[in-house]
Amino acid sequence: MHGKATQPGTAQSAGFGPNGPRIVVIGSGVSGILAGVKLRERGWRDFVILEKAGALGGTWRDNVYPGVACDVPAHVYVYSFAPNPAWKTRYAKGPEIWQYYHDVAARSGVLDHIEYGKDVTNARFDGARWTVTTGDGSSYEADVVIAAAGRLRDPKLPQIPGMDSFAGPSFHTARWDKSVSLAGKRVCLIGAGSSGVQVLSAIAGEVAHITQFQRTPQWVMPVQDAPVPWWERLKYRLLPRTVHETYRKMLDFSNERGALAFESKEARAERDKMCSDALLRIRDPELRARLTPDYDVGCKRLVMSETWFEQVQRPNVSIVSEAIERIEPEGVRTTDGTLHACDILIYATGFDAHAYIRPMKLTGEDGVTLDALWEDLPLTYRSVSIPHMPNFFVLNGPSSPGGSASIVGIVETQWGYVAQLLEQVAAQGVTIAPREDRAREWLAEVRERAGKSVWATGGCQSWYLDKTGTPAYDAVSLPQLQSSLAAPKMDDFEVRAIPAR
Ligand code: NAP
């Protein structure tokens with residue numbers, strides 16, 4: 001039956017204790033911490049957060065490369081319920097962001113719920129509840145599972161012949177080896193996306209020479225960072241509402257600059273001009289030509305930097321546009337026969353943006369597996385729930401909004417929707433899963449919308465695109481997402497009473 005429990009259950013018949021349903025949250029990044037804070041706030045204490053690493057923080061734990069920072073304004077990159085009056089700069093650096101999320105988790109009591117070194121490998125639904133298994137052989141029973149495993153999580157190394165032969169240290173930006181000193185060394189840096197641009201800008205002054213391999217030029221938006229003056233920080237502390245107002249204004253700014261389909265023509269024209277004008281700062285016309293993209297601004301995820309334009313013009317920086325042929329012990333050989341010698345090789349080559357909760361194996365009702373269900377496309381309903389996977393919810397999952405807007409506002413909005421479903425689970429003792437037909441209709445809508453966005457029409461390749469060449473991210477603004485996730489339409493769900501224990 002849709003919308004109503006087949007036979008109304010109760011929290012008691014479902015076996016829920018006074019602390020609410022037993023919940024497993026997978027991942028302790030921005031989304032997992034949010035889930036933990038909100039569950040505790042609701043008084044549901046019977047939950048565990050399984051974290052495969054040895055610390056919380058997701059992206060901000062993994063990305064510790066020099067120059068790591070967030071190009072979303074810091075005052076937007078916070079939970080709405082936990083403004084941070086103390087940001088030191090307009091765009092926060094990675095360690096300060098990690099500290100913010102750690103502090104929110106600590107003061108909300110979430111740290112006590114996290115178990116580290118727990119890599120979830122399997123989750124199986126038995127008709128009533130889930131058994132979640134981790135790589136070390138532990139297993140957890142749960143009425144509800146919330147996957148908060150992140151989107152840009154698994155580093156993607158390129159397939160270049162000879163990679164193993166490099167004589168010096170080599171590593172991905174998201175697996176930075178802090179024991180390696182860069183001072184006075186020759187560095188090869190493969191990749192010119194957001195991470196590559198941040199790394200180059202941060203280390204060019206320290207290394208003897210850096211060669212950045214740029215397969216495709218990126219549009220770079222000049223974004224001015226600046227310290228937040230002490231009096232402004234004081235004002236934020238004394239007048240928290242001021243922080244909130246600033247937050248809203250910056251959110252608008254961020255959305256407007258988010259390179260999404262919903263932008264006004266005027267905003268796009270202004271942003272396009274900022275990006276092309278910024279290239280005029282490159283004095284050498286030959287280099288400028290090589291750094292100029294031949295696709296629309298916003299087609300690839302916009303790179304934001306103020307410093308990069310100067311750093312690439314340093315005498316110890318080379319930008320190489322020839323294709324890479326192979327890696328050799330001494331460096332990187334390009335197809336024109338040149339060997340670019342270096343001591344350290346860094347891969348700023350991005351992430352597998354389409355793994356989502358995989359490689360975890362998920363088996364839902366009637367033995368339906370996630371691998372089978374997602375063989376063609378990652379089918380979800382409104383990104384947060386999956387057909388045949390009762391009481392399994394996802395934050396920042398497939399078909400979440402893409403672009404440069406703050407991910408924090410997105411996952412908070414998704415949580416608001418999931419929380420309403422959880423209330424029904426807890427009050428009625430039911431399982432809830434979306435109807436497959438409604439999920440397919442919704443996904444078709446998302447793909448149609450995304451297919452008209454600049455990610456699809458802008459004439460580029462990017463990690464937004466799935467194997468069919470369609471963007472795997474929804475082209476909606478935060479206000480549009482908020483309105484579409486305001487309240488679940490229960491007719492779109494299968495609701496079943498949980499068999500009594
Ligand atoms: P990315 O945007 O996917 O960039 C990867 C780079 O590596 C591209 O320049 C790509 O070239 C190049 N590349 C990949 N394989 C290659 C190969 N075989 N040979 C040569 N070049 C190769 O990855 P990212 O820079 O790590 O950024 C990923 C995302 O993380 C960003 O788009 C952003 O959403 C997020 N991020 C955000 C921030 C922030 O400040 N908020 C900072 C860092 C990252 P092609 O362009 O030709 O594919």
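The values are calculated or read from the model by the stated rules, or taken from the named source; none is laboratory data. All values reported here derive from a predicted model rather than from experimental measurement. Counting neighbours? That spans all protein chains shown, and the Cβs are built from the backbone with ideal geometry, glycine included. The protein model used for the area step is the full one, side chains on, heavy atoms only, and it has no ligands, DNA or RNA in it. Shrake-Rupley method; radii C 1.70, N 1.55, O 1.52, S 1.80 Å.
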message: Are there helices (runs of 4 or more DSSP H) fully within the stretch 403-501 with at least 3 residues that are of a type in the set (D, E, K, R)? List them.
response: 436-451
field: Contacts under 6 angstrom Cβ, first residue in the stretch 90-116 being of a type in the set (D, E), partner more than 16 Å from the ligand (Cβ to nearest atom), 6 or more apart
entry: E115/V48; E115/L50
statement: Okay, strands (runs of 3 or more DSSP E) sitting entirely in the stretch 281-359 with 3 or more residues that are away from the ligand (no atom under 15 Å from the Cβ) and at pLDDT below 95, I get none
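Within the group A427, A456, A444, A405, which residue is within 15 Å of the chain's Cα centre (by Cα), assigned by TED's automatic domain parsing to the domain that holds I49 and open to solvent by 10 Å² or more (accessible area, probe 1.4 Å)?
Sole residue among the options that is within 15 Å of the chain's Cα centre (by Cα), assigned by TED's automatic domain parsing to the domain that holds I49 and open to solvent by 10 Å² or more (accessible area, probe 1.4 Å): A405.
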- line: Of the residues in the stretch 155-211, those that are within 26 Å of R301 (Cβ to Cβ), within 16 Å of the ligand (Cβ to nearest atom) and open to solvent by 50 Å² or more (accessible area, probe 1.4 Å) number 5
query: Do we find that Y91 is exposed (fewer than 14 other Cβ atoms within 10 Å of the Cβ) and among the aromatic types (F, W, Y) in this structure?
result: no
- line: (1) of a type outside the set (G, A, S); (2) crowded, with 18+ Cβ neighbours inside 10 Å; (3) in contact with a Leu (Cβ under 9 Å, 6 or more places away or on another chain); (4) assigned by TED's automatic domain parsing to the domain that holds I432 all hold for E115 apart from (2)
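Quick one: which of K93, K88 is of a type outside the set (A, V, I, L, M) and more than 12 Å from the ligand (Cβ to nearest atom)? Can you show your working first?
Numbers: K93 fails: more than 12 Å from the ligand (Cβ to nearest atom).
Among K93, K88, only K88 is of a type outside the set (A, V, I, L, M) and more than 12 Å from the ligand (Cβ to nearest atom).
Could you say which residue among V394, V320, V384, V332 is buried (at least 24 other Cβ atoms within 10 Å of the Cβ), among the hydrophobic types (A, V, I, L, M, F, W, C) and more than 30 Å from E441 (Cβ to Cβ)?
The match here is V332.
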query: If you go through the stretch 77-114 one residue at a time, how many are under 26 Å from M360 (Cα atoms) and in contact with a strand residue (DSSP E or B) (Cβ under 6 Å, 6 or more places away or on another chain)?
result: 2
